[in-house]
Amino acid sequence: AEQQALVARLDVLAEKTRQVEAHLDAVERDAERLLTVRFRDAITEAPSRPMTEVAPVVKRPVDIDLEKTYAEVGARSFGKGLFTKPAFDGAEATWQKPVWIEPGDLVFSNIKAWEGAIAVAGSAHADCIASHRYITCVPNRRLASADFLRYYFLTDEGMERIGYASPGTADRNRTLSMSNLMAIEVPVPSLETQQAFDALQAKVAELKSKHATIREANAALLPATLERVFSRH
């Protein structure tokens, strides 16, 4: 009888955690739909200009110092942002022509851009470098914001254009060239419109960050309860 009572309580707790997850998922889907609608409204009737004018490529070559330690960044696919790899000594560098990354850069992985490896560098990526496989673009501040352009390139239309600009039939051969990227025309609404959309993006990102904390606690609740139950018996 005691076991059955415990199982019943645990079943209720498990259902509550599933309900929390479902609620968070629903809220985030609504937030993404809101972004989609607002972005569509923002670019309606907006002029288009080529990337070479809006956010040209800026290369900052790194002169590797064999005695210096470097932090390297990479880009996750599916718009999951940049990540910092373990630091390494200059003497361990095995690739050529690395580039410096600066906050505000719009960063493309030239071998995985077609898979959404497109991100904006933040303050956490200052003083980091990237391999020659990355293309860094710097938006013209009078025309566009990096966050707005990143969102565009991760839409279905943007990914389609990146796909066309990354010819090839196999994953390792689908390389985004700088010339193809610079030829892509992107929508350029007013800066005021872009900044309003970026503010909404920031609020959604903050919401998801809070949800991530809740999800972590929610996932730990049932195991922690089980541990307490068995430690008492």
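The values are calculated or read from the model by the stated rules, or taken from the named source; none is laboratory data. Everything numeric here is computed off the predicted structure, so don't read it as measured data. Here the Cβ is made from the backbone with ideal geometry for all residues, glycine too, and neighbour counts use every protein chain on show. Surface areas here come from the heavy atoms of the whole protein model, side chains and all, with no ligands, DNA or RNA. Shrake-Rupley method; radii C 1.70, N 1.55, O 1.52, S 1.80 Å.
Quick look at the values:
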| quantity | calculated |
| --- | --- |
| Cα-based Rg of the range 66-151 normalised by 2.2 N^0.38 Å, two decimals | 1.08 |
| For the range 1-116: accessible area per residue (Å², 1.4 Å) | 62 Å² |
| Residue 43 accessible area, 1.4 Å probe, all protein chains in place, Å² to nearest 10 | 40 Å² |
| Helix 2-43 vs. the chain, principal-axis angle (Cα, 0 to 90°, nearest 10) | 20 degrees |
| Semi-axis lengths (Å, descending) of the ellipsoid that matches the C-alpha gyration tensor of the range 124-199 | 24, 17, 11 |
| Hits among lysines - C-alpha to C-alpha of residue 208 under 18 Å, sequence gap 8 or more where chains match | 80 |
| For residue 159, solvent-accessible area (1.4 Å; no DNA, RNA or ligand), Å² | 40 Å² |
| In order through the range 98-113: 3J(HN,Hα) via Karplus (6.51 cos²θ - 1.76 cosθ + 1.60), integer Hz, x for Gly, Pro | x, 10, 7, 10, 10, x, x, 5, 9, 10, 10, 7, 6, 9, 10, 4 |
| Sum of -39500 (n - 2.57) over DSSP H runs of 4+, divided by residues of the chain (222 nm, nearest 500) | -16000 deg cm²/dmol |
| Accessible surface of the chain, 1.4 Å probe, proportion on carbon and sulfur as whole % | 53 percent |
| Cα-based reach from residue 203 at 14 Å (exclusive), listing aspartates and glutamates while leaving out same-chain residues under 8 positions away | 28, 30, 32, 147 |
| Loop trypsin sites (Lys or Arg not before Pro), the range 96-156 (other Cβ atoms within 10 Å of the site Cβ: 12 or fewer; DSSP) | 141, 142 |
| From the C-alpha gyration tensor of the chain, square roots of 5λ in Å | 40, 26, 16 |
| Loop-resident sites, the range 53-107, for chymotrypsin sites (Phe, Trp or Tyr not before Pro), counting at most 15 other Cβ within 10 Å (DSSP) | 78, 95 |
| Other-chain or far-sequence residues with amide H under 5 Å of residue 105's (modelled H) | 121 |
| Residue-by-residue Karplus 3J(HN,Hα) for the range 189-200, coefficients 6.51, -1.76, 1.60, Hz, glycine and proline x | x, 4, 4, 4, 5, 5, 5, 5, 5, 4, 5, 5 |
| Spatially proximal lysines relative to residue 97 (Cα-Cα < 17 Å; intrachain offsets below 8 disregarded) | 59, 68 |
| Sparsely packed GluC sites (Glu not before Pro) within the range 16-123, loop by DSSP, other Cβ within 10 Å at most 13 | 45, 67 |
| Under Karplus coefficients 6.51, -1.76 and 1.60, residue-wise ³J(HN,Hα) of the range 139-156 in Hz, glycine/proline x | x, 5, 5, 7, 10, 7, 10, 5, 5, 5, 5, 4, 4, 4, 5, 8, 6, 4 |
| Angstrom value of the Kirkwood radius, inverse mean 1/r, which spans all Cα pairs in the range 42-109 | 14.7 Å |
